[in-house]
Each structure stands twice: as C-alpha cells, then as structure tokens.
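Q: Sharing a structure, written as structure tokens. Questions coming.
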Amino acid sequence: MSIVESNPSAGTYARVPGPIDRESFFAAQARNRRTSWRLTALCVLAVLILGIPLSTILGPLFYGLAVLAMDVVNLFTPTPDLVHRFFEGSLPLPSFGDSAFAGYAVIVLVLAPPGALFLLLVWLGTRGLLLRAGAGGILLSLGAREPKRGDLEETQLVNLVAEMGIAAGVPPPRVLLLDTRAVNAAVVGSSLEDGAVVVSRGLLDALDRDETQGVIGHLIGSMGNGDLRIAMTMLSLYQTLGVIVAALSSPFSPSGRTAFQRLARFALQKRGAGPADAAESEAVTQLLATGLDGEDFEVDDLEKEGWKGSIKGIAALPFLAAYFSFWINQKVLGSFLVSPPLALVWRSRRYLADATAVQLTRNPDGLARALLRLSRPDAEVPKAAWASHLFVAWPGKKGTLDDKLVMFGKLQPGIDRRLRRLKALGSTVSPPPPPPPRRGKGRKAQEFQGMKPLAWVLASPLILCFAGVLIGNALATVGVSLAIDGLFFFGLFVIPLHFLLRYLAQSVL
Amino acid sequence: MALWILIAAVVLVLLWMIAVYNGLVGKRNQVRNAWSQIDVQLKRRHDLIPNLVSTVKGYMQHERQVLEQVTEARQRAVAAGGNVVARAAAEGELTRAVGSLFAVAEAYPQLRADRNVLALQEELSSTENKIAFARQFYNDSVMEMNTARESFPANLIAGPLGFQPATSFEIADPAERAVPQVQL
C-alpha cells in the first residue's frame, strides 16, 4: 500500500513542495509566539464583542430580581423605590442625545453591566471547577496507568521523557500509558507542575526511539509553552455559555434541569481522585461544553396540567425568550466571530510546539517521521475524540471539538503543513504527494490558489453585508428578548409584586 | 512642571534598570543551574559503570583489557574532581572506553539475551544522552544570557552591574572531535 493511498489526510490540492526557505527553529519559535499573541488579542476582542449582546439579554432578569430583592428588604428597612423613580424620570441614566443609536447605546450601557458581571463570575467559577478536574481528565478515566517497571520499552519511554525534561530545563512530568493499539500521545493537566504525558502502547510499538523522542519533545515543549492553560481557558469559555444556557432553560426544560442539577451536585460535593470521579468530572465537563446544543432539548409538556400549566408557561416565557435569544447569539456570533481566531491560536501553538520539539531534540526528522505515521486513521484514540486538541496530531474531525463547537477552522493543523514547516527547519521527510486531480477539476483549483488576493477584494462587500447581517441578527434577537421580558417578566410579574410589596411595607410600618 | 517630568523620567529609567537586572539575574542562575545539571549526569554515569562492568565480566572473560580500560577511565574521571580541564579530558576518555565496550559486546550473543545487560545498556545510553542534552541546555542558556546581556540598551548597564559573559561548553580537546576508534 503506497503512502498516497494509505494517507487519507493528504490535501487534495496541496502544493507539491518545491525549494523551501530554511529558517532556524529559534526564528520559527519567535514568529509563532508573535502570531499567537496577536491572535490571542483578537480572540479576547471577539469574546468581548460576543459578551455585549449576551449580557444585555441577561440584564433585565437581574434588574427585575434586584427590584424584588430591594422590595423584600424594604419590609424591614426603607430602601429607595427605583421603579417609581424610573417612571418619574429621575433615575441618573446616561444620555447621548436623541438619535436612535444613542437610545440603543443607553439601553446597552444600562442593561449590560450586571449581565457582564454575572458572566464573569460564572466564568471564574467554571475555571475553578475545571482546574480541579484538569484538562483531559477523560484520558485518566479511560484507564491510563503507570509504566511497568520490568518492561524495557516502557522504561525507555520514562528515560526519553527524563532526557527531554533535561533538554528543556524542567522537571520531567509524570508518564502514563494507555493500553490501546491506537498510535497517539497527549498532554493532560492544568500546568507544567501537575501535567502528565499520556502515551499509547500502540505508539511505543509503532515508532522507533527517535520518532518517540520527537513526539515527547513536542508534548513537553507544548506543556512548557503554557498550552494547557490556553486549552483550559478555551474550554471554560464554552462551558460558561453552557452553564448559562442550562440555567436559563431550567424553568421550562427537563433536560436543562437535570444538567443543572448534575452540575450543582458535582460542584458542591467533595471529590476523590479515583477513576470514577475522573469519569464523572469529565462527563460534566463535556456536558457543559457541548451537550446543551439543543440536540436532546425538550420542553415541559404543560398542556396536561390545565390552568396551572398555562400559568407556568407564561411565567417561563421570558426565560424561554432569553434562552432562545442567548442561544442564537452564542451560536451565530460564537461560530463566526470567536471560533476562527480561536482555531488559529491553537494551530499556531501547535506549530510553536513543533519548533520547540526541534529545539529540544535537534532532530527534525524524528518528529517529521512520527507525524507522517500519525496521519493514518489509527491515530484516533477511541472515545478520546473530545480531547483531540491535546494530542500531537489527529487526522479526523468526527466527534472532536471542531465538530461541535469550533465551526469554522480546525484546531489541529494539517499534517502536510506541519511537515512543510519542519522541512523549513531542516527535516528531510517529504509530505506525501497529493493524489492526481480528477479530470478537469485539478487545474482550476491550482489556478485559484494564485488568485487569492483578488478573491478577497471581490468578496469584501459580501463580507461587509454579512457583518451587517450578524449585527442585525444580534439586534433583532436581543430586541425581541427585551420586549418579551419587558412585557411578561416586568409587566406580569415584577411590577405587580413590586407594588404589592411596597403596599405591604407601607401598611405594616 | 518640568521638575515633575524630570522626576518621572528618572523613575522610569530606574524601573527599566530593575527589570533588566532581574532578567539578567534569572538568566545567569539558569546558566549556573544548567552547568550543575551536567555534573549530576556525569556523576550518575560514574555510579552506573561498576554495575555494568561486573554484569558483563562473567560473559566477557577474554576481554579483560577493555574492561580494565573502562574501570581505569572511570577512576581517573572520579579523581579529576574539580579541575575542569582534566575533568573534561577524563570524561571524554570514559565516553570512548564505554563506547568500545559496547562495540565489543556486539560479538557476544549471550549478552544480548540477558535482560539485565539490556536494561543496563539502555540506562547507560540514556545517561549519555542526558549528558548531551544537559550540555545542549547549558549552551542554549548561555546563548540566552549572552543575547540578553549584549542587546541594546541592556548592554549599557550589564557590565557595570556585574554580569560577565558566559562561555559555551565546547570540546577543548581537538582529539575528541575525531571519530572514536573502536579497538576490537
């Protein structure tokens, strides 16, 4: 079986490598670091922009609850009546003039801060939760074990990790082994100190010493560069949104309620360190990040409860509106705005780890040959697709985070590109040649490659239109949610309760 | 007004000097740590060699000369102690002697089947690699230190602050650069 036929990931129209400019791995590392810093800044910007409609949606719910809380306190000590002052017009609201845009700006400025604060708190909470579980707990729950002392290859692996630790000037991380025939290796943990390198038995059998050392160099380089923290931050971002979606859907959806209860139980109980706990923590992590997609979304069946059901339905309506609006914004803006830079950041960290591996081993061929071997389908470790971004390479896309969360852009860079970059660092391993193009289709695609700048220029008005559509979508959904909140939540629930409580306070005192 | 600007400028320059000083201190300590790491691995090799010699002695009755060479080279390396030049020469001798021993051991098939010998061989070759990697890390640290020290504008104050340039680990003895001869 030739390399071409056995390598399904060879890009159909990848350019055949010609002369490639050499660069030193220090230069490559510096370049990748700069790129990843810029992309991280872009990511942060995208997340902040994403946060604006999301916090605005959550705002009214908080204000309503705050008003009611103040009314309850008012029964004991006098508190200012904000609703009265709002209708009087004497609340200190900012004002930017009379245009519609100024009106929108005021609404956002007033409604967004409590929601933003809440999002921030939930984010810190999920990060704390994740820190306990550590990134990649799934591999521990799959049954990673310590290396056997008598086995020569496993002892050699421990020595390899120690050698790479010395080359990197860091204490060597723990080594764990996965008894599976899949050929792959990953890093797990939350930082260099408590990180571990997980290697599959299949990898030890399939790769020789140099190639294994290249892989370990990549993993230790990746740990040393702080990629584990970045992975955790990425995941906690999606999980924050998942927690909020679960909370918003609890009033009307049983699946949301069970998810929320499971999370609450997990957060509050004392956790042990056994594999069952690791499995549970991994399940909760996964559930939060990807499970609230709407795939098993159900709504309570209220018809059978008669008039009580109708009241429940009306009470849950603002939460339903907020939920849909939140979910649509999170999906749409998240996919188009946040996930491309996120994928780019992670890819540049992979390239950085490759260059660090070359620095540590001074042997680009080892890693290159290992990557070539890892481009086959048997590099997919079963049931670990969800943590695919923590592995050295991952040829497929099914079941990975790419599939569920990061809609545009791949988290793992293609093997071809990595081999090209390693070639620039001095390796002699060529990426496999692309398969011959089908009749007629090859040439057009090749020509298109050269026309890329022109394509961007022609597409820019379309891109602007699309950005306009995104903004319009955000405005529309947020507007609908606010309208429904205003009508049902405030109108039917908060305001009557508010007057009731104030009347009670006046008549009691 | 001008006085405040002057004071602010002086404070900024002081802060920059502190940052440069701390950075150089960190790098210098890394260089020192890397140097002592080399020592750690060399010592580990000293400790492994008697084990190896006693394990293979039973099989290689006729190779007493090679075994003696290894034992003597090890004793010389341990005795060289702190004298860097003599130590480097002795360690080089030891590397060559151990290499000869492994080459000779290829001719003894019973040795390859002995698990203890295989494990010991793996340990020794791993220790050789660790020595090499420790030197590589030392040289990388030296490069970082010297680059930080010599870049503008840090080079203006590095000298007065007491940071000397570090020297890379290079092979002092030109004979070591020659391909080692294996005496069979």
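The values are calculated or read from the model by the stated rules, or taken from the named source; none is laboratory data. Computed from a prediction, not measured in an experiment: that's the story for all the values here. Every residue, glycine among them, receives a Cβ derived from its backbone with ideal geometry; neighbour counts consider all protein chains shown.
Q: Between A:ASP354, A:ASP365, which is crowded, with 23+ Cβ neighbours inside 10 Å, part of a helix (DSSP H, G or I) and among the acidic types (Asp, Glu)? Spell out how you get there, then give the answer.
A: Numbers: A:ASP365 fails: crowded, with 23+ Cβ neighbours inside 10 Å.
The conditions single out A:ASP354.
Q: Test A:SER375 against the stated conditions and say whether it is of a type outside the set (A, V, I, L, M, F, W, C), assigned to a loop (DSSP other than H, G, I, E, B) and either out of contact with any Pro (no Cβ under 7 Å at 6 or more places or on another chain) or surrounded by 23 or more Cβ atoms within 10 Å (Cβ to Cβ) (or both).
A: Yes; evaluated as a whole, the condition is true for this residue.
Q: Looking for something surrounded by fewer than 16 Cβ atoms within 10 Å (Cβ to Cβ) and either on the phi > 0 side of the Ramachandran plot or within 22 Å of the chain's Cα centre (by Cα) (or both) - is there at least one such residue anywhere in region A:138-155?
A: Checked against the condition, which is being surrounded by fewer than 16 Cβ atoms within 10 Å (Cβ to Cβ) and either on the phi > 0 side of the Ramachandran plot or within 22 Å of the chain's Cα centre (by Cα) (or both), region A:138-155 yields at least one hit.
Q: Those residues that are within 9 Å of chain B (Cβ to nearest Cβ) and touching a residue at least 12 places away in the same chain (Cβ under 8 Å), I need them from region A:148-157; list them, please. Don't jump to the end; show me each part of the working.
A: Of region A:148-157, the ones within 9 Å of chain B (Cβ to nearest Cβ) are A:150, A:152, A:155-156.
Residue satisfying the conditions is A:GLN156 alone.
Q: Please state which one of B:LEU67, B:LEU48 is surrounded by fewer than 20 Cβ atoms within 10 Å (Cβ to Cβ), in contact (Cβ under 8 Å) with a residue 24 or more places away in the chain and within 14 Å of another protein chain (Cβ to nearest Cβ).
A: Values: B:LEU67 fails: within 14 Å of another protein chain (Cβ to nearest Cβ).
After ruling out the rest, the residue left standing is B:LEU48.
Q: Do we find that B:GLN164 is polar (S, T, N, Q), buried (at least 18 other Cβ atoms within 10 Å of the Cβ) and over 15 Å from the mean Cα position of the chain (by Cα) in this structure?
A: Values: polar (S, T, N, Q): yes; buried (at least 18 other Cβ atoms within 10 Å of the Cβ): no; over 15 Å from the mean Cα position of the chain (by Cα): yes.
Here the answer is no, as B:GLN164 does not meet what is asked.
Q: Name the single residue that is nearest to the other protein chains (Cβ to nearest Cβ) among those in region B:120-132 being farther than 17 Å from B:VAL66 by Cα and touching a residue at least 40 places away in the same chain (Cβ under 8 Å).
A: Residues of region B:120-132 farther than 17 Å from B:VAL66 by Cα: B:120, B:122-123, B:125-132.
Narrowing further to those that are touching a residue at least 40 places away in the same chain (Cβ under 8 Å): B:120, B:123, B:127-128, B:130-131.
Numbers: B:LEU120: 11, B:GLU123: 7, B:THR127: 9, B:GLU128: 10, B:LYS130: 5, B:ILE131: 9 Å.
Ranking the qualifying residues of region B:120-132, first place goes to B:LYS130.
Q: Which members of region A:391-418 meet the condition of being modelled with pLDDT under 85, among the aliphatic types (A, V, I, L, M) and in a loop (DSSP other than H, G, I, E, B)?
A: Within region A:391-418, A:LEU405, A:VAL406, A:MET407 meet the criteria.
Q: Given (1) more than 14 Å from chain A (Cβ to nearest Cβ); (2) part of a helix (DSSP H, G or I); (3) surrounded by fewer than 17 Cβ atoms within 10 Å (Cβ to Cβ), where does B:LEU24 come up short, assuming only one miss?
A: (3)
Q: (1) farther than 12 Å from A:LEU425 by Cα; (2) in contact (Cβ under 8 Å) with a residue 40 or more places away in the chain: which one isn't true of A:PRO364, the others all being true?
A: Looking at each condition in turn, A:PRO364 falls short on (1).
Q: Which residues, counting only those in region A:233-260, are at pLDDT 80 or above and among the aromatic types (Phe, Trp, Tyr)?
A: Hit for region A:233-260 is A:TYR238, nothing else.
Results for (1) within 14 Å of another protein chain (Cβ to nearest Cβ); (2) at pLDDT below 85, shown as yes or no for each residue.
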{"position": "B:GLN61", "(1), (2)": "no, yes"}
{"position": "B:ALA73", "(1), (2)": "no, no"}
{"position": "B:ALA80", "(1), (2)": "no, yes"}
{"position": "B:VAL84", "(1), (2)": "no, yes"}
{"position": "B:ALA88", "(1), (2)": "no, yes"}
{"position": "B:ALA103", "(1), (2)": "no, yes"}
{"position": "B:TYR108", "(1), (2)": "no, yes"}
{"position": "B:ARG115", "(1), (2)": "yes, yes"}
{"position": "B:LEU118", "(1), (2)": "yes, yes"}
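Q: Same structure, new question: Could you tell me which residue of region B:152-161 is surrounded by the fewest Cβ atoms within 10 Å (Cβ to Cβ), considering only residues that are assigned to a helix (DSSP H, G or I) and either without any contact (Cβ under 8 Å) to a residue 40 or more places away in the chain or within 14 Å of another protein chain (Cβ to nearest Cβ) (or both)?
A: Going through region B:152-161, the residues assigned to a helix (DSSP H, G or I) turn out to be B:155-161.
Applying the additional criterion that residues be either without any contact (Cβ under 8 Å) to a residue 40 or more places away in the chain or within 14 Å of another protein chain (Cβ to nearest Cβ) (or both) yields B:155-156, B:159-160.
Details: B:ASN155: 13, B:LEU156: 11, B:GLY159: 11, B:PRO160: 7.
Step by step, filter region B:152-161, then rank; the result is B:PRO160.
Q: Is it true that some residue in region A:362-385 is more than 22 Å from A:ARG201 (Cα to Cα) and within 14 Å of chain B (Cβ to nearest Cβ)?
A: yes
Q: Oh, and also: I'd like to verify a number: residues in region A:161-200 that are within 14 Å of chain B (Cβ to nearest Cβ) and of a type in the set (D, E, K, R), how many?
A: Number of matching residues: 1.
Q: Next up: Being crowded, with 20+ Cβ neighbours inside 10 Å, part of a helix (DSSP H, G or I), more than 14 Å from chain A (Cβ to nearest Cβ) and of a type outside the set (A, V, I, L, M, F, W, C) narrows it down to one of B:ARG96, B:ARG149, B:ARG135, so name that one.
A: Details: B:ARG96 fails: crowded, with 20+ Cβ neighbours inside 10 Å; B:ARG135 fails: more than 14 Å from chain A (Cβ to nearest Cβ).
Selected residue: B:ARG149, the only one of B:ARG96, B:ARG149, B:ARG135 that is crowded, with 20+ Cβ neighbours inside 10 Å, part of a helix (DSSP H, G or I), more than 14 Å from chain A (Cβ to nearest Cβ) and of a type outside the set (A, V, I, L, M, F, W, C).
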